[in-house]
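K.L.:
Questions regarding the structure given below will be posed in turn.
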Amino acid sequence: MRVIISDDHPVVLMGLKAALQSYGDRFSIIGEASNGRELASLLSREPCDLLITDFSMPGDQPSEDGLSMLAGIRENYPKLSILVLTMLRNPALVQGMLAIGVGGVVDKMAMTRELILAIDVICAGRIYLSERTRKQIEETVIANNEPGSISPREAEVVRFLAQGLTVSEIARRTGRSVKTVSQQKRDAMRKLGLDGDKQLYDYARSNGLF
């Protein structure tokens with residue numbers, strides 16, 4: 001199986017590479033990328049069967065990070081199996097990944113335990129979610145009509161705001177208008193009952209948005 005791996009942390013790349021190589025010649029790692037730009041270039045040059053990538057890889061262009069990056073990859077490579085490794089725990093973002101067409105989401109803390117199982121599941125055409133992620137999704141579905149349920153796009157805006165980006169910077173990165181991002185910020189804060197940027201940051205930190 002031809003595999004491309006991508007993460008902006010060298011230690012994670014090394015660990016992922018070692019985990020795959022421990023299975024002998026089952027996997028052939030044909031490329032590694034440390035940011036969204038490198039990943040896009042690599043995918044355009046090297047046909048592969050499976051992409052294992054981080055979710056958060058900030059870059060200068062909208063296509064280099066998060067949901068925008070994954071949506072672009074899915075559009076350009078509709079048959080490619082995609083497995084996301086992430087520390088993010090927010091159900092709204094995970095639901096956004098699945099809606100785009102990601103085959104699986106694995107918590108980095110569970111990588112050594114769940115990686116091969118996840119690969120087998122998504123290559124068989126099914127969805128794989130880490131145990132903790134699956135429980136959080138189920139809890140969100142149950143509470144979907146209650147206050148505090150935000151959409152994947154709103155969750156992404158909150159994530160970027162908590163990282164210190166301005167509304168204009170988020171609009172440029174996501175390819176949305178400033179007006180749209182401003183509205184998504186207001187809607188998210190209203191749903192979550194937040195009064196200011198400090199509360200927004202605290203929410204993002206405690207709910208796995210960065």
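The values are calculated or read from the model by the stated rules, or taken from the named source; none is laboratory data. All values reported here derive from a predicted model rather than from experimental measurement. Backbone-built Cβ (ideal geometry, glycine too); neighbour counts: all protein chains shown. Please note that ligands, DNA and RNA were not included when accessible areas were found on the heavy atoms of the full protein model with its side chains. Shrake-Rupley method; radii C 1.70, N 1.55, O 1.52, S 1.80 Å.
K.L.:
If you check E138 against the conditions, is it modelled with pLDDT under 80, of a type outside the set (A, V, I, L, M), surrounded by fewer than 16 Cβ atoms within 10 Å (Cβ to Cβ) and under 28 Å from I52 (Cβ atoms)?
P.N.:
In short, yes.
K.L.:
In the stretch 18-36, is there at least one residue being in contact with a Gly (Cβ under 9 Å, 6 or more places away or on another chain) and under 28 Å from L161 (Cβ atoms)?
P.N.:
Checked against the condition, which is being in contact with a Gly (Cβ under 9 Å, 6 or more places away or on another chain) and under 28 Å from L161 (Cβ atoms), the stretch 18-36 yields at least one hit.
K.L.:
S81 - would you say it is modelled with pLDDT of 85 or more and over 9 Å from the mean Cα position of the chain (by Cα)?
P.N.:
yes
K.L.:
A further question follows. Could you check how many residues of the stretch 17-37 are closer than 14 Å to S6 by Cα, among the charged types (D, E, K, R) and over 17 Å from the mean Cα position of the chain (by Cα)?
P.N.:
2
K.L.:
Oh, and also: Out of the residues in the stretch 113-135 meeting the condition of being farther than 16 Å from L16 by Cα, touching a residue at least 40 places away in the same chain (Cβ under 8 Å) and part of a helix (DSSP H, G or I), tell me which one is most open to solvent (accessible area, probe 1.4 Å).
P.N.:
Selected residue: R132.
K.L.:
So which of I73, I100, I116 ends up being of a type in the set (A, V, I, L, M) and under 16 Å from C48 (Cβ atoms)?
P.N.:
The match here is I73.
K.L.:
If you don't mind, there's one more thing I want to ask. I need the strands (runs of 3 or more DSSP E) fully contained in the stretch 21-112, keeping only those with at least 2 residues that are open to solvent by 10 Å² or more (accessible area, probe 1.4 Å).
P.N.:
In the stretch 21-112, 28-33 are the strands (runs of 3 or more DSSP E) which contain 2 or more residues that are open to solvent by 10 Å² or more (accessible area, probe 1.4 Å).
K.L.:
Then there's this: In the stretch 184-200, what residues are open to solvent by 20 Å² or more (accessible area, probe 1.4 Å) and either touching a Ser or Thr at 6+ places or on another chain (Cβ under 9 Å) or in contact (Cβ under 8 Å) with a residue 40 or more places away in the chain (or both)?
P.N.:
Within the stretch 184-200, Q184, D187, K191, L192, G193 meet the criteria.
K.L.:
Would you point out the residue of the stretch 10-19, among those that are closer than 19 Å to E114 by Cα and either free of Cβ contacts under 8 Å to residues at least 60 places away in the same chain or hydroxyl-bearing (S, T, Y) (or both), that is surrounded by the fewest Cβ atoms within 10 Å (Cβ to Cβ)?
P.N.:
This residue is V11.
K.L.:
Sticking with this one: Right, R159: open to solvent by less than 60 Å² (accessible area, probe 1.4 Å) and assigned to a loop (DSSP other than H, G, I, E, B) or not?
P.N.:
No: the conditions fail for R159.
K.L.:
Sticking with this structure for a sec: Consider the stretch 169-183. How many of its residues are without any contact (Cβ under 8 Å) to a residue 12 or more places away in the chain and part of a helix (DSSP H, G or I)?
P.N.:
Residues that pass the stated criteria total 6.
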